[in-house]
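Below is one structure; the comments refer to it alone.
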Amino acid sequence: MNQNQAEIKCILFDLDNTLIETRKADTRVCEKIANELRVKFNVTHDEANSISSSFLSNFRKCPENTLMSLDKWRTYLWSQALGDKYQQYAKSLYQNWLYQRYQNLAMPDELKSLLETLRMKFRIALITNGTSACQWEKIEKLHLKDCFDLILVSGDLSYEKPDKHIFFQACELLNVKPKNCLMVGDKLETDIQGGFDAGLSATVWISRNTHYYLTETDPKPDYILSNIMEFKYLIANLLDMENMRDAAKKLQDCSLYCDEDSACAGPSFSDHHKRMFSNVFTLDEDSNSNASDGS
């Protein structure tokens, strides 16, 4: 964020792999289900791993079938993965998977507190790509409705990130201008590119992959964080920078009326505060993920 950028009044958050670690949680839960198959149903090690991997792969490719309920579709996916030999376990495995999934997706208290604190100063919104039923299930089971001033799910709309219109709709509903908004997300091709195309004040990339580095063709985020909890330090710095900018403006205005030798009291800029303008954050898993947010 440079000194010419507008004041931040609104923060837009992505959901999957930004606020909640969806891919990591789903992988972890399927590993637990594989272990349950081995221990409870005497399935061989290789078969159990193959079954859980098959389900996870097919679930990520198609998290929802609109011709049936989520429960029926997911039970069907487990039945397909289990095959004729074990498909009688499909319903119980699905129920266990669903319970464990939301146990693992639960937002930590520290993050909930951060959102509550941010909401005291900013309007905050959730903008997530994915099918309506899948995303609203997460929002409801994780009790996220009360954390945001606005929630937009692409499955309810005719466009999705990176289409700039989804950002414009959020701005219109929140009565803010794009130049006063900050976008936080894990996908360069949707969250960061979309924020840039919509003319937002700045973009923050949550890069969990320590081995991924930006290429020449990648959208360039303004800030890079290794996890969402680092955002509290970034926003504190940005607020401090805004205060400094305001103070500098007052000092500049004051100089119009003060003689060179007058004793006008202006702000003192320490080395610590000057370093805040560097915009340097370390690149610290699934950064440029192409997996559906709706999984």
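The values are calculated or read from the model by the stated rules, or taken from the named source; none is laboratory data. It should be emphasised that the depicted structure is a prediction, and the values quoted were computed from it without experimental measurement. Every residue, glycine among them, receives a Cβ derived from its backbone with ideal geometry; neighbour counts consider all protein chains shown. SASA here: full protein model, heavy atoms, side chains in, ligands and nucleic acids out. Shrake-Rupley method; radii C 1.70, N 1.55, O 1.52, S 1.80 Å.
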Work the Kirkwood hydrodynamic radius out for the stretch 70-146: mean of 1/r over every pair of different alpha-carbon atoms, inverted, in Å. 14.8 Å
Residue by residue through the stretch 171-185, which ³J(HN,Hα) values in whole Hz follow from phi under the Karplus form 6.51 cos²θ - 1.76 cosθ + 1.60 (θ = phi - 60°), with glycine and proline marked x? 4, 5, 5, 9, 6, 10, 9, x, 5, 9, 10, 10, 10, 10, x
Once you have a ≥ b ≥ c as the square roots of the Cα gyration tensor eigenvalues for the stretch 111-192, tell me rounded if a/c is under 1.5, and otherwise prolate or oblate according to whether a/b is larger than b/c. oblate
Among 35, 65, 115, which residue has its Cα positioned farthest towards the positive end of the charge dipole of the stretch 1-128, with +1 placed on the Cβ of Lys and Arg, -1 on the Cβ of Asp and Glu, and the dipole taken about the Cα centre? 65
The stretch 1-141 - accessible surface per residue (Å², probe 1.4 Å): 48 Å²
Positive end of the dipole of the stretch 154-234, charges at C-beta (+1 Lys, Arg; -1 Asp, Glu), about the Cα centre: which of 203, 223, 234 has its Cα farthest in that direction? 234
Distance between the stretch 117-167 and the stretch 1-66 - C-alpha centres, whole angstrom: 18 Å
Placing +1 at every Lys and Arg Cβ and -1 at every Asp and Glu Cβ, with all other atoms neutral, what dipole size does the stretch 1-133 have around its Cα centre, in debye to the nearest 20? 160 debye
For residue 165, the accessible surface traced by a 1.4 Å probe with all protein chains present amounts, in square angstrom to the nearest 10, to 90 Å²
How large is the accessible surface per residue of the stretch 149-232, computed with a 1.4 Å probe and reported in Å² as a whole number? 43 Å²
Along the positive direction of the dipole of the stretch 172-215 (beta-carbon charges: Lys, Arg +1; Asp, Glu -1; about the Cα centre), which of 182, 213, 193 reaches farthest? 182
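Work out how much length residue 31 to residue 65 would gain on full extension: take 0.36 nm times their residue separation and subtract the Cα-Cα distance, in nm to one decimal.
Values: separation 34, 0.36 × 34 = 12.24 nm, distance 2.42 nm.
Roughly 9.8 nm would be gained on extension.
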Of 32/161; 141/187; 61/145; 72/138, those spanning more than 29 Å from alpha-carbon to alpha-carbon: 32/161
